[in-house]
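Participant: This structure is in structure tokens; I'll ask about it shortly.
What follows is calculated from the coordinates using simple rules that are stated; it is not laboratory data. No experiment lies behind these values; they were computed from the predicted model shown. Backbone-built Cβ (ideal geometry, glycine too); neighbour counts: all protein chains shown.
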Amino acid sequence: MVKRVLRPALLMGLVVLPSFASSYSSSKPTARTDYYVSLGDSYAVGYQPAPREAATSGYTAVVARATHLTLANFGCAGATTASILETKGCRGRYGPAAVRGAVAYSNKSQAAAAQAFIRSHHGHIGLITITIGGNDITNCGSTSNVVPCFTSAISAIQKDVATLASGLRSAAGTRTPIIGLTYPDVLLGSWVYPPSAPNHNLASLSVTVFKNYINPALMSAYAKSQGHFVDITAATGAYTPLTETATQVPYGTIPKAVAQVCNLTWYCTRGSIHANTAGYKFIGQQVVAEYNMLRAS
């Protein structure tokens, strides 16, 4: 059920991206530089826990290569829908400039810094992507009151993402595509992890929460600012009935949806919510497909 609808980590450093204005020469025309602006959390910076902890740029590198746009990455691992709007700088291990194409912003929030960059490169922003909201909900998996926790988190996600998308749309204008993403349903991996205490009920509940609550909330929030939404949860097969099974080493017979999340993320082996290299590549391909469709329309 791939929905594509008009709608919806951290050391500090400095990477100065080339600007069109600074390279201009009155005597000789220069090549145009157009940018791909990425915002979000650890998925936006491509964090992986293994084989060693690292940020790899993840899906954004895939998108930048395919679109031939210059990446300006504002992602900050650990970001929430509140911190992306309010917290100045990116505090921790993975953010500017730990990733490819990073832009530092010590005195502004991630959203404000991205908006300022977009305005200063008016007419040269080819694409904006956002991956945010995951950190708002993942802690709910370890609480005793899962449903109330999810309900509160989803309400905050919808409000904050709508605010974020609106600010980006105002900065970018009407012509720049804004693509909001969701996530693989990593909690499906709780079907097999931890091996000593798998939680089939949580795995099953997570599908319902993504399908009926999280993703509709994100889609609605992006749509308010003419953003586009890519349902990565659906694209990774999370909505396949759990009665449909596959055999996978070392787990034996498990639901196909669980097997897929094991293939694309680190949850089944490390309990990490992050995508692996194959997962980030897959996500990037979904974004590129959406981008190409928008350009063709």
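Participant: Indicate the gyration tensor shape class of the stretch 211-297 (rounded, prolate or oblate), computed on the Cα atoms with a ≥ b ≥ c the square roots of the eigenvalues: a/c under 1.5 is rounded; otherwise a/b larger than b/c is prolate and the rest oblate.
Facilitator: Details: a/c = 2.25, a/b = 1.84, b/c = 1.22.
Prolate is the answer for the stretch 211-297, as a/c is 1.5 or above and a/b outweighs b/c.
Participant: Continuing with this model, one more query. Quick check on the chain: helices-only [θ] at 222 nm, where DSSP H runs of length 4 and up contribute -39,500 (n - 2.57) each and the sum goes over total residues. Nearest 500, please. Spell out each step's value before the answer.
Facilitator: Values: 12 runs with 116 residues, N = 297.
Dividing the helical sum by the residues of the chain leaves -11500 deg cm²/dmol.
Participant: Using a cut-off of 12 Å between beta-carbons, work out the net charge of the residues near ALA66 (Lys and Arg +1, Asp and Glu -1, ALA66 not included).
Facilitator: That sum, taken over residues with Cβ under 12 Å, equals +2.
Participant: Hand me the tally of lysine pairs in the chain: alpha carbons under 17 angstrom apart, and the pair either on different chains or 8 or more positions apart. Don't skip to the answer; put the middle values down first.
Facilitator: On the way: LYS3/LYS211; LYS3/LYS224; LYS88/LYS108; LYS159/LYS224; LYS211/LYS256.
For the chain, the number of qualifying lysine pairs is 5.
Participant: Same structure, new question: Among 195-208, 116-129, how do they line up by average Cβ neighbours within 10 Å per residue, starting with the highest?
Facilitator: Values: 195-208: 15.2, 116-129: 18.5.
Result, highest mean Cβ count within 10 Å first: 116-129, 195-208.
Participant: Could you give the length gained by full extension between GLU86 and MET293, i.e. 0.36 nm per residue of separation minus their alpha carbon distance, to one decimal place? Can you show the working numbers first?
Facilitator: Details: separation 207, 0.36 × 207 = 74.52 nm, distance 3.33 nm.
The span from GLU86 to MET293 would gain 71.2 nm if fully extended.
Participant: Right, next: Excluding VAL209 itself, what net charge comes from residues whose Cβ is under 15 Å from its Cβ, given Lys and Arg +1 and Asp and Glu -1? Numbers along the way, then the final one.
Facilitator: Values: positive: LYS211; negative: ASP136, ASP185, ASP231.
Taking every other residue near VAL209 into account, the sum is -2.
Participant: Taking the Cβ of PRO255 as the center, what net charge do the other residues with Cβ under 14 Å away carry, scoring Lys and Arg +1 and Asp and Glu -1?
Facilitator: Values: positive: LYS256; negative: ASP185, GLU244.
Combined, the nearby Lys, Arg, Asp and Glu give -1.
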